[in-house]
Amino acid sequence: MKIWVNVLALLVLIASLVAGKMYWNHQASEQSAVRPTKIEGSSYTKGEEASSKKYAQNHPKSVIAKIEQAEKTQKPIKLVIVGSAPKEKVDKTWGALLKESLQSTYGEDLITTKVYEYTDMTTLEFVKDEAYKQISNEKPDILLFEPFLLNDNGVVGINNTLENITVIMSRLKEKNSELVTILQPSAPVYKAENYPNDVKALEEFSKENGYEYLNHWNVWPDYRSKDILTFLGETSGQPNDKGEQLWAQYLEAYFTNSPSEL
């Protein structure tokens, strides 16, 4: 009789151990399913640990402060993107692609984005025609400006280009003295000669005047190499769809602190 009691007790013990094992495995599986997943190459995680502050880590302090203020007041920041319109048909420009990325990352409750692209515009025309008023009337908090550098090349002259940018910025700041401006060059040109010097001059100008500068040329193939032709259309300095995507991915990595796919 004692033997059967011991056998029965042993069977009960084994059943308890198996049931306990199955329970804890189930619990561990559920916890794993809701745990945020680290994105390789990025400083933020998906899920509850993600936040706008982590997305904005690449930004200057002035932009981060605006984002924090927008969260407190629940009044979205206005970002306006200004640049050259494509001279060849593309599926989506870098500006349109960036806008989509910002909307999906931050949401329009935090950042609203408008894109203005001008066909064959130069900085001289932008000043003479007072086209900057269209941007000024938007009262942007942040301006991402590609100041028609390629259109100006050989037509306006880099010294005049920089003077025109100064005029444009002074007009925009009349409406918003706390405007944060980010400058960037136009697209590269295969085997360009003088144009790369204009790009360097714009970078120096940005540093001297306290503007953020984003040199997307760093992710393109060398402009002297045939490899860059994979990303350019038939018109000089005009990105094709792959070029627009490459340019946009660089900007997305900056604006959202996202893992680069470049």
Task: Selected residue [within 15 Å of Trp94 (Cα to Cα), open to solvent by 20 Å² or more (accessible area, probe 1.4 Å) and touching a Pro at 6+ places or on another chain (Cβ under 9 Å)] from Gln245, Gln249 - done: Gln245
Open item on the list: Can you pull out every residue in the stretch 184-201 that is closer than 16 Å to Thr230 by Cα and within 22 Å of the chain's Cα centre (by Cα)?
Closed with: Ala187, Pro188
Task: Residue among Thr230, Thr181 that alone is among the polar types (S, T, N, Q) and touching a Phe, Trp or Tyr at 6+ places or on another chain (Cβ under 6 Å) - done: Thr181
Open item on the list: I'd like to verify a number: residues in the stretch 90-105 that are over 26 Å from Ile67 (Cα atoms) and either modelled with pLDDT under 95 or assigned to a helix (DSSP H, G or I) (or both), how many?
Closed with: 0
Open item on the list: Just checking: which of the strands (runs of 3 or more DSSP E) contained wholly in the stretch 106-202 hold 3 or more residues that are surrounded by fewer than 18 Cβ atoms within 10 Å (Cβ to Cβ) and either in contact (Cβ under 8 Å) with a residue 12 or more places away in the chain or touching a strand residue (DSSP E or B) at 6+ places or on another chain (Cβ under 9 Å) (or both)?
Closed with: 111-118
TODO: Determine if the stretch 208-220 includes at least one residue that is buried (at least 19 other Cβ atoms within 10 Å of the Cβ) and touching an Asp or Glu at 6+ places or on another chain (Cβ under 7 Å).
DONE: no
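The values are calculated or read from the model by the stated rules, or taken from the named source; none is laboratory data. Everything numeric here is computed off the predicted structure, so don't read it as measured data. Neighbour counts run over all protein chains shown; Cβ positions are idealised from the backbone, glycine included. With ligands, DNA and RNA removed, areas are computed over all heavy atoms of the protein, side chains included. Shrake-Rupley method; radii C 1.70, N 1.55, O 1.52, S 1.80 Å.
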